[in-house]
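**Student:** Please see the structure below; I have some questions.
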Amino acid sequence: MKKVAIITGAVGGIGYATVEKFNKEGYSIVAMDIVDKERAAEKFANMADVTYVSGNLANGADRLNLVNTAINTYGRIDVLVNVAGVAPRVRADILEMTEESYDFVMGINTKGTLFLTQLVANEMIKQEKVNGIKGYIVNVSSCSAYTSSTSRGEYCISKAGATMITKLFADRLSSEGITVNEICPGIIATGMTEKVKEKYDNLIAGGLVPLGRWGLPEDCANAIYVLSSGALGYTTGQSIIVDGGMHIQRL
Ligand SMILES: NC(=O)c1ccc[n+]([C@@H]2O[C@H](COP(=O)([O-])OP(=O)(O)OC[C@H]3O[C@@H](n4cnc5c(N)ncnc54)[C@H](O)[C@@H]3O)[C@@H](O)[C@H]2O)c1
């Protein structure tokens, strides 16, 4: 029987690379993004067994529709990958950050991720185990969970929250045969970083990243896949940092 994966943020850089990876590995995929169905259709046209659900992760009815679609279509959920996320619309100093921007970023990155994880966890708990496991959950947090950027404080706070979501669910679900882990990407070449490409090009040229290049969406997708493949079945509540060595403290 094919395994079933829900992947959010599926139209974006990291999400799409993750859909491609799981598709290549033979999964049935329920791909979700806020992008409408017509626009998304082109992206997934050449992939077998991808069901696309358009929805807003910040909206409870849309989260429920996503999970119901997965259960009604495939009968179970083996993997949840929480990729969808946003940066603030405007980078503003922490002294100027608005409540509106805080609510926007937290509503998607933290609240949306939390309550989708809760919904899926409750479905996974009801499932039969396959090879001793009911399911795998992988969150996409960020190096911003532990690195200050004062011009996008709400994003850093939202990702620190995502890291705690990983730990809380890993703890609660460990007795249920469900592992919960996360990746913390560094600087990855996607739509999210396009607007600040020049800034990061310069920082990378100046030696910020020991491996000397931008991260690619595929670097993230490969790490996500490892965490949900069973290869690391005795690992839960952990972060894999995918940042080309950027977090190494150097003299
Ligand atoms: N690019 C980076 O350098 C980087 C670094 C660390 C973490 N991340 C995280 O990786 C994840 C993926 O980001 P990306 O870099 O691929 O950016 P991206 O902008 O290419 O993809 C994000 C996707 O999420 C979707 N999305 C936004 N709001 C949504 C909502 N309310 N409901 C459903 N979908 C929504 C977007 O439409 C988009 O397709 C995000 O959580 C981001 O915070 C990215």
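The values are calculated or read from the model by the stated rules, or taken from the named source; none is laboratory data. Because the structure is predicted, anything quoted here is derived from the model rather than measured. FYI the Cβ positions are ideal-geometry reconstructions off the backbone, even for glycines, and counts take in every protein chain you see.
**Student:** Among the residues in segment 153-164, are any of a type in the set (V, I, T) and closer than 21 Å to V86 by Cα?
**Tutor:** The initial filter retains those residues of segment 153-164 that are of a type in the set (V, I, T), namely 157, 163.
If we keep only those that are closer than 21 Å to V86 by Cα too, we end up with 157, 163.
Yes: segment 153-164 contains one or more residues that are of a type in the set (V, I, T) and closer than 21 Å to V86 by Cα.
**Student:** Right, here's the next one. Need the failing condition index for M164 against (1) within 19 Å of the chain's Cα centre (by Cα); (2) surrounded by fewer than 16 Cβ atoms within 10 Å (Cβ to Cβ); (3) away from the ligand (no atom under 16 Å from the Cβ); (4) of a type in the set (A, V, I, L, M), just the number.
**Tutor:** (3)
**Student:** Modelled with pLDDT under 95 and either of a type in the set (D, E) or more than 12 Å from I7 (Cβ to Cβ) (or both): does that describe N46?
**Tutor:** On the way: modelled with pLDDT under 95: yes; either of a type in the set (D, E) or more than 12 Å from I7 (Cβ to Cβ) (or both): yes.
The answer is yes for N46.
**Student:** Continuing with the same structure: Quick check, is Y155 within 18 Å of A58 (Cα to Cα), at pLDDT 95 or above, under 18 Å from the mean Cα position of the chain (by Cα) and within 14 Å of the ligand (Cβ to nearest atom)?
**Tutor:** Details: within 18 Å of A58 (Cα to Cα): yes; at pLDDT 95 or above: yes; under 18 Å from the mean Cα position of the chain (by Cα): yes; within 14 Å of the ligand (Cβ to nearest atom): yes.
Here the answer is yes, as Y155 does meet what is asked.
**Student:** Checking the conditions here, which among A45, A41, A58 is among the aliphatic types (A, V, I, L, M), surrounded by 18 or more Cβ atoms within 10 Å (Cβ to Cβ) and on the phi < 0 side of the Ramachandran plot?
**Tutor:** Sole residue among the options that is among the aliphatic types (A, V, I, L, M), surrounded by 18 or more Cβ atoms within 10 Å (Cβ to Cβ) and on the phi < 0 side of the Ramachandran plot: A58.
**Student:** Pick out the one residue from N72, N65 that is within 14 Å of the ligand (Cβ to nearest atom), surrounded by fewer than 21 Cβ atoms within 10 Å (Cβ to Cβ) and either more than 14 Å from the chain's Cα centre (by Cα) or free of Cβ contacts under 8 Å to residues at least 60 places away in the same chain (or both). Before the answer, list the steps.
**Tutor:** Numbers: N72 fails: within 14 Å of the ligand (Cβ to nearest atom).
Just one listed residue meets the conditions, N65.
**Student:** What tally of residues in segment 12-26 results from selecting those that are surrounded by 24 or more Cβ atoms within 10 Å (Cβ to Cβ) and outside any helix (DSSP H, G or I)?
**Tutor:** So the count comes out to 0.
**Student:** Between T117, T147, which is β-branched (V, I, T), under 23 Å from G177 (Cβ atoms) and within 19 Å of the chain's Cα centre (by Cα)? Can you show your working first?
**Tutor:** Values: T147 fails: under 23 Å from G177 (Cβ atoms).
From the options T117, T147, the qualifying one is T117.
**Student:** Now for a different question. Could you pull out the residue among A92, A121, A84, A58 that is of a type in the set (A, V, I, L, M), farther than 19 Å from T18 by Cα and within 15 Å of the ligand (Cβ to nearest atom)? Steps first, answer last, please.
**Tutor:** Details: A92 fails: within 15 Å of the ligand (Cβ to nearest atom); A121 fails: within 15 Å of the ligand (Cβ to nearest atom); A84 fails: farther than 19 Å from T18 by Cα.
Of A92, A121, A84, A58, the one residue that is of a type in the set (A, V, I, L, M), farther than 19 Å from T18 by Cα and within 15 Å of the ligand (Cβ to nearest atom) is A58.
**Student:** Go through segment 216-233 residue by residue and tally those that are assigned to a loop (DSSP other than H, G, I, E, B), among the hydrophobic types (A, V, I, L, M, F, W, C) and surrounded by 15 or more Cβ atoms within 10 Å (Cβ to Cβ).
**Tutor:** Final tally of qualifying residues: 2.
**Student:** Sticking with this structure for a sec: Considering each residue of segment 15-44, count those that are more than 10 Å from the ligand (Cβ to nearest atom), among the aromatic types (F, W, Y) and within 23 Å of A189 (Cα to Cα), and give that number.
**Tutor:** 2
**Student:** Has segment 121-129 got any residue that is under 25 Å from S174 (Cβ atoms) and under 16 Å from the mean Cα position of the chain (by Cα)? Show your work before the answer.
**Tutor:** Initial filter on segment 121-129 (under 25 Å from S174 (Cβ atoms)): 121-129.
This time we only want the ones that are under 16 Å from the mean Cα position of the chain (by Cα), so: 121.
There is at least one residue in segment 121-129 that is under 25 Å from S174 (Cβ atoms) and under 16 Å from the mean Cα position of the chain (by Cα).
**Student:** Can you confirm whether segment 138-145 contains a residue that is more than 12 Å from the ligand (Cβ to nearest atom) and at pLDDT 95 or above? Spell out the reasoning first.
**Tutor:** Initially, segment 138-145 is screened for residues more than 12 Å from the ligand (Cβ to nearest atom), giving none.
No, there is no match, as no residue in segment 138-145 is more than 12 Å from the ligand (Cβ to nearest atom) and at pLDDT 95 or above.
**Student:** Go over the candidates A189, A170 one by one and state the one that is closer than 17 Å to G85 by Cα and either surrounded by 16 or more Cβ atoms within 10 Å (Cβ to Cβ) or near the ligand (Cβ under 10 Å from one of its atoms) (or both). Walk me through how you get there before you give the answer.
**Tutor:** On the way: A170 fails: closer than 17 Å to G85 by Cα.
None of the other options fit; the residue is A189.
**Student:** Here's a check for you: in segment 172-196, which residue that is in a strand (DSSP E or B) and of a type in the set (A, V, I, L, M) is farthest from the chain's Cα centre (by Cα)? Break it down into steps so the answer makes sense when it comes.
**Tutor:** Initial filter on segment 172-196 (in a strand (DSSP E or B)): 178-185, 188.
From the residues that got through so far, the ones that are of a type in the set (A, V, I, L, M) too are 178, 180, 183, 188.
Values: I178: 17, V180: 12, I183: 8, I188: 13 Å.
Across segment 172-196, the extreme among qualifying residues is I178.
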